[in-house]
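Comments concern the structure below.
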Amino acid sequence: MPVAPEQGFKATEIQLLSFARPHMRGFHFAWASFFCAFVCWFAFAPLMFFVKQDLSLNLSQVFTTNILSVAGTVMCRFAIGPLCDKIGPKICQFSLLSWIVVFTLLGMSVNSYWSLCVVRFFLGFGGAAFVVTQYWTTSLFANEIVGTANATTAGWGNLGGGVTQMLMVAVYAFMTQTCGLGQEDGWRLSFLVPAFITACVAATIITMADDSPRGDLSYLYREGVIARKTATQSARLGMLNLNSWLLGVQYACCFGVELHINNTVALYFATRNSFNIGPLDAGVIASLFGWMNLFARSSGGILSDLGNKMQGMRGRLMAQSFCLAVEGVLMIIFSRQGKISGAIPALVAFSYFVQATEGATFGIVPYICPEGLGGVCAVVGAWGNIGAVCWGMMFKFGYLGKFDKGYEAMGYIIIASAALSFLMRIKGQSHLLGTLE
């Protein structure tokens, strides 16, 4: 594996078919761990049609649980980034996966609206695995390819959103049709599958992975290879940088949108009369949104790296702003589709640019404040969930039963957010309106 010694022996290539330690093993564990966390995090969403019936929930209550599922991630993301600088990504990721395994299993026992709220809120902590994933790949890969590396691990992790829609529906169908269980027993026992898979991944991470190209952070700190960082120092450096917050608001308009779509689009397809499809088919169609992560987010990172080669940071900002604006336009188009034949291709095109924008965003993150990387990842990552909470609140109080109008309003807000790129001034980098800062 070719490395850059001047960048701490970070890899200068991504060899996807390799599982060599430490770079590519860390790469694959980074995306696989976030993938599993994502599956557990949104395991309720494709089954919510049945959960709603068996727990006698109304639509407003469903939206409240959706909001809580993403709200639980916010503070955890703020905390986990600085902790990566202190104890390393391997221990952080193992701890998060262990936590969500417990609450995924507890999902089988919910028997009321309030117990569902509690379980979904604490399951949301698993969403902080994204911050660890981005920290981990940034620590392993050189600046020239970090946009592609970050986008690929995050995109393949986000793919869990699409797999969840199909996996949980398939497991539910197996439980009810093959095993002969009733509707309620079927969705409850379906949670065993993601919990078991996630537990296996957590066990392999803690025994087989490394924090960085030179080993675990605990060893590097102890031997004096690198200066010890505190969580407080990392948080202060990252969180006091204005660029972190500007980029965070834009991330709310891409990853926050993705989380909101994961929570609502299956219900939208199942309940809009003009689409005329049932809940199982709605879940399969909704999974198309998440499946685009297989390559869409990576393409955003590649576009960001290409922009960097051509025009430096200005190129990265241009790539990200372009993707964000197109995302907003395509969401408006999707919202205006009245037939399923038009809604599906519009969803796929919209999904591509949502995830490409996410990839382009994290092509910028490593440059904002390298010495406070954990804090920057925490702020930007947390804003993704803050965005999802805001979108959920907007729908709950303004567009309940009018999903199409809500999606259209989101599109206009997303387009407006692209203008924030003009305000970014990253030390030592070019910007949209000038040369080096």
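The values are calculated or read from the model by the stated rules, or taken from the named source; none is laboratory data. Bear in mind that the values here come from a model prediction, so they are computed numbers and not experimental data. Heads up, the Cβs are rebuilt from the backbone with ideal geometry, glycines too, and the neighbour counts pull from every protein chain shown. In case anyone asks, the SASA skips ligands and DNA or RNA and just uses the protein heavy atoms, side chains included. Shrake-Rupley method; radii C 1.70, N 1.55, O 1.52, S 1.80 Å.
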Name the residue, out of Asn58, Asn66, that is touching a residue at least 24 places away in the same chain (Cβ under 8 Å), farther than 28 Å from Asn143 by Cβ and out of contact with any Leu (no Cβ under 6 Å at 6 or more places or on another chain).
Asn66
Within segment 349-372, residues being surrounded by 24 or more Cβ atoms within 10 Å (Cβ to Cβ) and closer than 22 Å to Gly161 by Cα number 13
Tally, over segment 73-100, of residues that are in contact with a strand residue (DSSP E or B) (Cβ under 9 Å, 6 or more places away or on another chain) and assigned to a helix (DSSP H, G or I)
1
Hey, can you tell me all the residues within segment 38-72 that are open to solvent by 30 Å² or more (accessible area, probe 1.4 Å) and outside any helix (DSSP H, G or I)?
Ser56, Asn58
Sort out for me the helices (runs of 4 or more DSSP H) sitting completely within segment 207-270 that have 1 or more residues that are closer than 30 Å to Leu420 by Cβ and touching a residue at least 12 places away in the same chain (Cβ under 8 Å).
231-239, 242-252
Give the residue that is nearest to the chain's Cα centre (by Cα), with candidates limited to residues of segment 261-270 that are open to solvent by 10 Å² or more (accessible area, probe 1.4 Å) and within 22 Å of Gly126 (Cα to Cα).
Asn263
For segment 308-325, how many residues are open to solvent by less than 40 Å² (accessible area, probe 1.4 Å) and either in contact (Cβ under 8 Å) with a residue 40 or more places away in the chain or hydrophobic (A, V, I, L, M, F, W, C) (or both)?
10
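Kindly indicate whether Leu294 is within 19 Å of Glu358 (Cα to Cα), touching a residue at least 60 places away in the same chain (Cβ under 8 Å) and open to solvent by 60 Å² or more (accessible area, probe 1.4 Å).
Working: within 19 Å of Glu358 (Cα to Cα): yes; touching a residue at least 60 places away in the same chain (Cβ under 8 Å): yes; open to solvent by 60 Å² or more (accessible area, probe 1.4 Å): yes.
It is true that Leu294 is within 19 Å of Glu358 (Cα to Cα), touching a residue at least 60 places away in the same chain (Cβ under 8 Å) and open to solvent by 60 Å² or more (accessible area, probe 1.4 Å).
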Taking Phe121 as the residue in question, decide whether it is part of a helix (DSSP H, G or I) and without any contact (Cβ under 8 Å) to a residue 12 or more places away in the chain.
no
Just one of Gly342, Gly411, Gly401 is in contact (Cβ under 8 Å) with a residue 40 or more places away in the chain and either crowded, with 17+ Cβ neighbours inside 10 Å or in a helix (DSSP H, G or I) (or both); which is it?
Gly411
Taking only segment 1-27 into account, find how many residues are open to solvent by 30 Å² or more (accessible area, probe 1.4 Å), touching a helix residue (DSSP H, G or I) at 6+ places or on another chain (Cβ under 9 Å) and part of a helix (DSSP H, G or I).
1
Can you work out which of the residues in segment 233-246 that are open to solvent by less than 30 Å² (accessible area, probe 1.4 Å) and among the hydrophobic types (A, V, I, L, M, F, W, C) is nearest to the chain's Cα centre (by Cα)?
Leu246
Going through Leu159, Leu240, Leu192, Leu220 one at a time, which residue ends up being aliphatic (A, V, I, L, M), on the phi < 0 side of the Ramachandran plot and out of contact with any helix residue (DSSP H, G or I) (no Cβ under 9 Å at 6 or more places or on another chain)?
Leu220
Enumeration of residues in segment 144-188 that are under 14 Å from the mean Cα position of the chain (by Cα) and open to solvent by 30 Å² or more (accessible area, probe 1.4 Å)
Trp156
Just checking, which of Val257, Val249, Val284, Val225 is open to solvent by 10 Å² or more (accessible area, probe 1.4 Å) and at pLDDT 95 or above?
Val249
In the set Ser112, Ser98, which member is among the polar types (S, T, N, Q), touching a Leu at 6+ places or on another chain (Cβ under 9 Å) and surrounded by fewer than 23 Cβ atoms within 10 Å (Cβ to Cβ)?
Ser112
Hey, any hits in segment 368-379 for a residue that's touching a Leu at 6+ places or on another chain (Cβ under 6 Å) and not in a helix (DSSP H, G or I)?
yes
Failed item, numbered, when Phe103 is tested on (1) part of a helix (DSSP H, G or I); (2) open to solvent by 10 Å² or more (accessible area, probe 1.4 Å); (3) closer than 30 Å to Pro22 by Cβ
(3)
